[in-house]
Amino acid sequence: MPPVNFIDALCDSRVLFSIGIHAALATLEPYLEFWIERRFHDNPPALWLREHLGLPLLRAACVVLFVYLAYPALFGLREAPALTSLLAAHEGGTSTVLGVAFLVALAAPMVPLLCRHPELVLPVQGMLATAFVFSWLTGYLHITSASVWPGIDVMVLVGIAAWLMHRLARYFGRLLGETADAAAGTRGYDRLVVHVVTLLAQLPVILIYSSALATQIAI
């Protein structure tokens, strides 16, 4: 199989569908957060749980769902063992992946790099979920030489891309939101659009990692 083209992977219909689902969930998140805040405004413990446990778990689940839905296209594959087959061979696999992604979110405030650059949290979660799926796939195919470490050059590229995409997303998200507010005569779209666009902007970063891993396999 020729080296996986990042653009081809990004434009694959399964990946685009996954991005669309992620966009819908990212759009619903602020409304869910607002509903919980109104419903439990006089219950500080519930609000604390929402902020420190509920939202991180929700975002972790969304990232894992993106990786699952994008498989196998995120590895540039049109045909591959079904995800259900991979999961059947790894009992509790989804719970493990979700737990690891959740722990990354919980640990982020205590990790200096992630605390200073929260835009790295989602890519780290996505790459870890991708690494699990890649490990399951290569194990299923008996490819013993494959590694989830793509090389220092790829990881540097991932870090730069995450930093750059976050800043571009905030700029264009704010611009789009302010334009929507001005056109509709409303307020709040600027915050909503920035929220959605900044989350979506990190998804291609995960594909950089998955495309690099995919160069090790051939089906």
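In table form, for the structure just shown:
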{"quantity": "Residue, surrounded by the most Cβ atoms within 10 Å (Cβ to Cβ), within segment 155-201, restricted to residues that are free of Cβ contacts under 8 Å to residues at least 60 places away in the same chain and among the hydroxyl-bearing types (Ser, Thr, Tyr)", "calculated": "Tyr189"}
{"quantity": "Which numbered condition His142 misses (of (1) part of a helix (DSSP H, G or I); (2) within 30 Å of Leu86 (Cα to Cα); (3) out of contact with any helix residue (DSSP H, G or I) (no Cβ under 8 Å at 6 or more places or on another chain))", "calculated": "(1)"}
{"quantity": "Residue selected from segment 39-77 under the condition part of a loop (DSSP other than H, G, I, E, B) and modelled with pLDDT of 90 or more, by the criterion farthest from Pro123 (Cα to Cα)", "calculated": "Pro72"}
{"quantity": "Segment 104-120, residues that are out of contact with any Phe, Trp or Tyr (no Cβ under 9 Å at 6 or more places or on another chain), part of a helix (DSSP H, G or I) and closer than 20 Å to Trp149 by Cβ", "calculated": "Val104, Leu113, Leu114"}
{"quantity": "Candidates Ile36, Ile21, filtered to the one that is touching a helix residue (DSSP H, G or I) at 6+ places or on another chain (Cβ under 7 Å), surrounded by 13 or more Cβ atoms within 10 Å (Cβ to Cβ) and modelled with pLDDT of 95 or more", "calculated": "Ile21"}
{"quantity": "Conditions (1) more than 22 Å from Val64 (Cα to Cα); (2) of a type outside the set (A, V, I, L, M); (3) touching a Lys or Arg at 6+ places or on another chain (Cβ under 7 Å); number of the one not met by Arg170", "calculated": "(3)"}
{"quantity": "Flag if Ala80 is farther than 25 Å from Ser18 by Cα, surrounded by 13 or more Cβ atoms within 10 Å (Cβ to Cβ), at pLDDT below 95 and among the small types (Gly, Ala, Ser)", "calculated": "no"}
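The values are calculated or read from the model by the stated rules, or taken from the named source; none is laboratory data. Fair warning: this is a prediction, and the values are worked out from it, not measured in the lab. Neighbour counts are summed over all protein chains in view; Cβ atoms, including those assigned to glycine, are modelled from backbone coordinates with ideal geometry.
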